[in-house]
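Asks: This is the structure I have questions about; it appears just below.
The values are calculated or read from the model by the stated rules, or taken from the named source; none is laboratory data. Just so it is clear, the model here is predicted, and its values are computed rather than measured.
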Amino acid sequence: MALISCTECGKKISEKAVSCPNCGAPMSGNSSVSLNPQSHTNVTRTGAKWEGIGFVLIVVGIIMAMASQFGIGCLLIAVGFIVFIIGRFK
């Protein structure tokens with residue numbers, strides 16, 4: 001097993017490697033890998049915005065609960081937790 005240089009990053013890798021473990025560049029000598037751009041699927045998370053809003057509500061609720069406004073703080077914590085969980089399942 002010989003070591004060759006990666007064409008992208010120049011690191012030494014095995015000649016039997018399918019791709020460079022450092023930069024991920026495919027090796028041109030290996031024909032066993034098919035790079036079909038249509039086979040990749042983009043996954044987008046729609047709930048990230050809700051998670052962020054829920055997190056902010058939780059933090060503000062904790063701060064308000066510590067600042068002697070316990071009732072409103074606990075309410076904000078509960079609402080923030082519910083919004084955060086909704087965002088996780090969206």
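Asks: Can you tell me how many residues within segment 65-77 are assigned to a loop (DSSP other than H, G, I, E, B) and on the phi < 0 side of the Ramachandran plot? Please lay out each step first, then the result.
Replies: Just the residues of segment 65-77 that are assigned to a loop (DSSP other than H, G, I, E, B), to begin with: 67-69.
Among the residues that remain, those that are also on the phi < 0 side of the Ramachandran plot are: 67, 69.
Within segment 65-77, residues that are assigned to a loop (DSSP other than H, G, I, E, B) and on the phi < 0 side of the Ramachandran plot number 2.
Per-residue answers, yes or no, for (1) among the hydrophobic types (A, V, I, L, M, F, W, C); (2) in a helix (DSSP H, G or I); (3) closer than 30 Å to Ile4 by Cα; (4) at pLDDT 90 or above:
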residue: Gly24; (1), (2), (3), (4): no, no, yes, no
residue: Val33; (1), (2), (3), (4): yes, no, yes, no
residue: Gly52; (1), (2), (3), (4): no, yes, no, yes
residue: Phe55; (1), (2), (3), (4): yes, yes, no, yes
residue: Val59; (1), (2), (3), (4): yes, yes, no, yes
residue: Ile63; (1), (2), (3), (4): yes, yes, no, yes
residue: Gly80; (1), (2), (3), (4): no, yes, no, yes
residue: Val83; (1), (2), (3), (4): yes, yes, no, yes
residue: Arg88; (1), (2), (3), (4): no, yes, no, no
